[in-house]
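> Let me give you the structure first, and then I'll get to my questions.
Computed from the coordinates by the stated procedures, all read-outs in this text should not be read as laboratory data. Because the structure is predicted, anything quoted here is derived from the model rather than measured. For neighbour counting, all protein chains shown are included, and Cβ atoms are generated from backbone atoms with ideal geometry for every residue, glycine included.
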Ligand code: FES
């Protein structure tokens, strides 16, 4: 499957069966895919549908995302810049190719390496 992130136009190709769960958001969600590939999407609540920092706008492939449940819809209502194609990256589970735009107000938090400004490294440090 393929996840394209705009405006960077970064394409992440992955095999969902071979991808480990990042422990953030739902398995194979947009956030899970991003964190597994070092593409940071802010996720202040850790992917538990309790914030809106993982808000993305789906540009193509809506039909390849899980249906929105009531929890996601209620949370999204609070997101700045809400559109008809808005989703929460931690809740929208991929089943095919999609392209999403990370809104510029969330992009300010984007950093390389998959870390979160609120939660630290996306991949937990090895246990000693
Ligand atoms: S990370 Fe908080 S709602 Fe998605």
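> Restrict the check to the stretch 77-90 and report whether at least one residue is closer than 19 Å to residue 105 by Cβ, part of a strand (DSSP E or B) and either free of Cβ contacts under 8 Å to residues at least 24 places away in the same chain or more than 14 Å from the ligand (Cβ to nearest atom) (or both).
Scanning the stretch 77-90 turns up no residue that is closer than 19 Å to residue 105 by Cβ, part of a strand (DSSP E or B) and either free of Cβ contacts under 8 Å to residues at least 24 places away in the same chain or more than 14 Å from the ligand (Cβ to nearest atom) (or both).
> From the list 40, 24, exactly one residue is near the ligand (Cβ under 9 Å from one of its atoms) and crowded, with 18+ Cβ neighbours inside 10 Å. Which is it?
Only one candidate qualifies: 24.
> Go through the stretch 46-64 and report how many residues are free of Cβ contacts under 8 Å to residues at least 40 places away in the same chain and either within 6 Å of the ligand (Cβ to nearest atom) or in contact with a helix residue (DSSP H, G or I) (Cβ under 8 Å, 6 or more places away or on another chain) (or both).
3
> Right, another one. For the stretch 5-21, which residues satisfy the criterion of being within 18 Å of residue 102 (Cβ to Cβ) and either within 14 Å of the ligand (Cβ to nearest atom) or in contact with a strand residue (DSSP E or B) (Cβ under 7 Å, 6 or more places away or on another chain) (or both)?
5, 6, 7, 10, 11, 12, listed by residue number.
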